[in-house]
Amino acid sequence: MNARPLPAALLLAAAAAAFANEASPGAPAPEPAPTVAAAAPAAPAEPPVLDGKAPDRVSFRAGGDLRLRLEAFDDIPIRTAEPAVTRGGNNSYFRVRPRLFAGIDFGDAASFDARLCDEFRVRNTGQKSYEWPDELILDRLELSFRNLFDGRVDLSLGRQDVRLGSGRLFAEGTAKDGSRTSFFDGVRARVRPAEKTTLDLFGFYGTCENDLAIGHEHRDLTGLAPGWNGMDEATAGAFFEDLSLPEFGWGAYYVWLRDTAWRTLGGDRVPHEDVHTLGLRLMPRFSEGLSAELETAYQWSNSDGYDRRAGFATGGLKYEFTPGTYVSANALHLSGDDAGTDRREDFNVLFGRYPWISELLLYGFDADGVGTWHNLAQCWLEGGIAFGEDGAHKIKATVGPVFAPERDGAGGGRERGWLETILYRFPIAKGDAGELAGHLFLEVFEPGDYYASDRTAYFFRTELNWAF
């Protein structure tokens, strides 16, 4: 690897020293509000009146964050024989993402939030993209109303970050944009019919590019394949969750997704598809430390020649000794397409096209589509430990085999390989200028007979994040 991290490392060390001087051991600990700076109430603003009652006061917030990542990976295998590894093999680069936000609070009744974002990359090796200065985009523009109808309903309108249920199938609205953004455009209502019981109702429409940009790069946000796809996504549905019983929580959901017609890099037209997904999530707790989770979903579609029948299931058993210190055993299954039938059996992960399974394996789906998790079965053991003040230092490690239910890889087998991961999250300093934290992350993968490549693959990342 030809990475040259030394100049940036010295710069970051200097930043950490500056923070450490502001938060010296002998000084009293500052209030933990690194991301919000409140200003005096603004008298001229006219607050909205909700349920016949005006809010007590109007206040302003502002802040931001700066995230610096050094990422490197090599020899990540993909399904095809030529090429057998993705993105030319060796890649090393810095991702730099600055963001600024501002908000207005109308007491406890309503708020308005906006956020500007950029992400550019400094590459040592690999393909050129997202080069400085790239584009400045508006990735949040949200108007929220709270405690409507006697405190039972919250309403959010506009561009917003959304995570529903476990987040496995609904958290990433701009999958092809990578780590830069994840927003949804539309409306979401959270209804609380009873204590610790919620019903989220939503409708979103995601366009293939972001028109709210300065220095517009015409970047594809939603596509399923390399190049410009021109695909929009519309979705609506409901997520229900009941956590009223401490020994048993459960949830259920229905999601409709329409992918509009789009074109491949070669110009071929792919027709639109309406996908329906019905899911169930069970979360029993057997004792103070022992708990389990099971999530399963069934999926179907009939549109423009599509006839999809697919499934997804995951489960785990976890024992937590103290908060953040635990062991667990887990399994996952995402159906793949059976070439011997006229149907499509590959599961569509909806808005789960992000690395909730693995960073390394996410790149391994480049031959199929960005983050299109399917035809994957996995078993793994996981352990975590939290230590330091308030358990702020966290280490998590996983190990286990990965399989392919269908033999559609160039190697002809079902063994994708053996995956090992370790993640260490740590605080660095906290002071009047904000909070500095980081993490170190490593994944190592030994490919199996599913792939043509047999070379050991790895993914490594180090991150520093300053929130102010």
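With of a type in the set (Asp, Glu), over 20 Å from the mean Cα position of the chain (by Cα) and at pLDDT 95 or above as the only criterion, which of Asp65, Asp113, Asp108 stands out?
Numbers: Asp65 fails: over 20 Å from the mean Cα position of the chain (by Cα); Asp108 fails: at pLDDT 95 or above.
The match here is Asp113.
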Just checking, which of Arg168, Arg159, Arg163 is buried (at least 18 other Cβ atoms within 10 Å of the Cβ) and closer than 23 Å to Gly103 by Cβ? Arg159
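Before we move on, is Val349 surrounded by 17 or more Cβ atoms within 10 Å (Cβ to Cβ), aliphatic (A, V, I, L, M) and out of contact with any Phe, Trp or Tyr (no Cβ under 8 Å at 6 or more places or on another chain)? Before you say what the answer is, go through the steps one by one.
Working: surrounded by 17 or more Cβ atoms within 10 Å (Cβ to Cβ): yes; aliphatic (A, V, I, L, M): yes; out of contact with any Phe, Trp or Tyr (no Cβ under 8 Å at 6 or more places or on another chain): no.
So Val349 fails the test.
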Only residues that are in contact with a strand residue (DSSP E or B) (Cβ under 8 Å, 6 or more places away or on another chain) and of a type in the set (Ser, Thr, Tyr): list them for region 261-290, please. Thr264, Thr277
Being surrounded by 20 or more Cβ atoms within 10 Å (Cβ to Cβ) and modelled with pLDDT under 95 narrows Arg123, Arg180 down to just Arg180
For region 186-206, give me each residue that is closer than 17 Å to Glu142 by Cβ and either of a type outside the set (Asp, Glu) or surrounded by fewer than 17 Cβ atoms within 10 Å (Cβ to Cβ) (or both). Gly186, Val187, Arg188, Ala189, Arg190, Leu201, Phe202, Gly203, Phe204, Tyr205, Gly206
Before we move on, is Ala261 of a type in the set (A, V, I, L, M), under 19 Å from Asp185 (Cα atoms) and open to solvent by 20 Å² or more (accessible area, probe 1.4 Å)? no
Within region 420-440, the residues that are touching a residue at least 60 places away in the same chain (Cβ under 8 Å) and out of contact with any helix residue (DSSP H, G or I) (no Cβ under 7 Å at 6 or more places or on another chain) are Thr421, Lys430, Gly434, Glu435
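Out of curiosity, is Ala297 open to solvent by 20 Å² or more (accessible area, probe 1.4 Å) and either among the small types (Gly, Ala, Ser) or in contact with a His (Cβ under 8 Å, 6 or more places away or on another chain) (or both)? Show your work before the answer.
Numbers: open to solvent by 20 Å² or more (accessible area, probe 1.4 Å): no; either among the small types (Gly, Ala, Ser) or in contact with a His (Cβ under 8 Å, 6 or more places away or on another chain) (or both): yes.
Taking the combined requirement at face value, the residue does not satisfy it.
Just to be sure, is Arg269 of a type outside the set (Gly, Ala, Ser) and either closer than 22 Å to Asp366 by Cα or surrounded by 18 or more Cβ atoms within 10 Å (Cβ to Cβ) (or both)?
Details: of a type outside the set (Gly, Ala, Ser): yes; either closer than 22 Å to Asp366 by Cα or surrounded by 18 or more Cβ atoms within 10 Å (Cβ to Cβ) (or both): yes.
Yes; evaluated as a whole, the condition is true for this residue.
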Residues within region 352-363 that are touching a residue at least 60 places away in the same chain (Cβ under 8 Å) and either open to solvent by 40 Å² or more (accessible area, probe 1.4 Å) or more than 14 Å from Leu224 (Cα to Cα) (or both), tallied: 6
Wholly within region 226-315, strands (runs of 3 or more DSSP E) carrying at least 2 residues that are at negative phi and either at pLDDT below 95 or in contact with a helix residue (DSSP H, G or I) (Cβ under 9 Å, 6 or more places away or on another chain) (or both): 290-303
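Filter region 398-435 down to the residues that are part of a strand (DSSP E or B), of a type in the set (A, V, I, L, M) and open to solvent by 40 Å² or more (accessible area, probe 1.4 Å), then identify the one that is nearest to Glu82 (Cα to Cα). Full working, then the answer.
First pass over region 398-435, keeping only residues part of a strand (DSSP E or B): 398-403, 415-431, 434-435.
Then drop every residue that is not of a type in the set (A, V, I, L, M), which leaves 399, 402, 419, 422-423, 428-429.
Add one more test, that the residue is open to solvent by 40 Å² or more (accessible area, probe 1.4 Å), and what stays is 399, 422, 428.
Details: Val399: 29, Ile422: 30, Ile428: 44 Å.
Ranking the candidates gives Val399 first.
Using the structure shown, decide if Phe321 is exposed (fewer than 15 other Cβ atoms within 10 Å of the Cβ) and in a strand (DSSP E or B). First the steps, then the outcome.
Values: exposed (fewer than 15 other Cβ atoms within 10 Å of the Cβ): yes; in a strand (DSSP E or B): yes.
Yes, satisfied.
The values are calculated or read from the model by the stated rules, or taken from the named source; none is laboratory data. All of these numbers come straight from a predicted model, not from anything done at the bench. All Cβ positions, glycine included, derive from the backbone under ideal geometry; neighbour counts span all protein chains shown. Side chains included, ligands, DNA and RNA excluded: accessible areas come from the protein's heavy atoms. Shrake-Rupley method; radii C 1.70, N 1.55, O 1.52, S 1.80 Å.
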